[in-house]
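The values are calculated or read from the model by the stated rules, or taken from the named source; none is laboratory data. The structure presented is a predicted model; accordingly, all values stated were derived computationally and were not measured. Here the Cβ is made from the backbone with ideal geometry for all residues, glycine too, and neighbour counts use every protein chain on show. What goes into the accessible areas is simple: the full protein's heavy atoms, side chains included, and nothing from ligands, DNA or RNA. Shrake-Rupley method; radii C 1.70, N 1.55, O 1.52, S 1.80 Å.
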Amino acid sequence: MSGITPPPSTGSRAVITDRTVLQPGPDHPITIAPAAGRAVVTIAGQVVADSRKALSLREAGYPAVLYVPRADVDMAALSRTDHTTWCPYKGEASYYSIPAGGTAATNAVWSYEAPHDAVAAIRDHLAFYPDRVDAISLRDDATD
């Protein structure tokens, strides 16, 4: 899956000052649905996420983003960072790097650990920047 749009970057925890909370609506719709198939994320030759329970979040005019349940992510392959961003529709995003991917995989993963009620389904899920991992694929369950 390409063209995944990450949360907007507003800086680190110490810099975040805009805490406006907005609700999805006709001018900025957000839908969350089960992803059709098996989501697999790879980096540096290793699978870091493999799930048949991923969610597809579609926000306004942005491409869909896959959110993988934490239980289906190799959390030992990730390293939490102190980087955060704020989205008025979803809340504060926390970040993880993937050391196996080197500096290119710095802050490659994000998670809304306490998302706003409108997107509560993505709690306990992680998303990956497509340009910081080798591949994010959505495979047909019938062929896997």
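List of remarks:
- Working ranking of peptides 95-106, 64-75 by packing, defined as the average number of other Cβ atoms within 10 Å per residue, highest first, is 64-75, 95-106.
- Area accessible to solvent at LYS53, 1.4 Å probe radius, in Å²: 150
- Placing a label point 7 Å from the Cα of ARG139 along the Cα-to-Cβ direction, the residues of region 16-55 whose backbone N falls under 15 Å of that point are 36-43, 45-54.
- Across the protein chains, with a 1.4 Å probe defining accessible surface, the residues ARG123, ARG38, ARG132, ARG58 rank ARG58, ARG123, ARG132, ARG38 from largest area downward.
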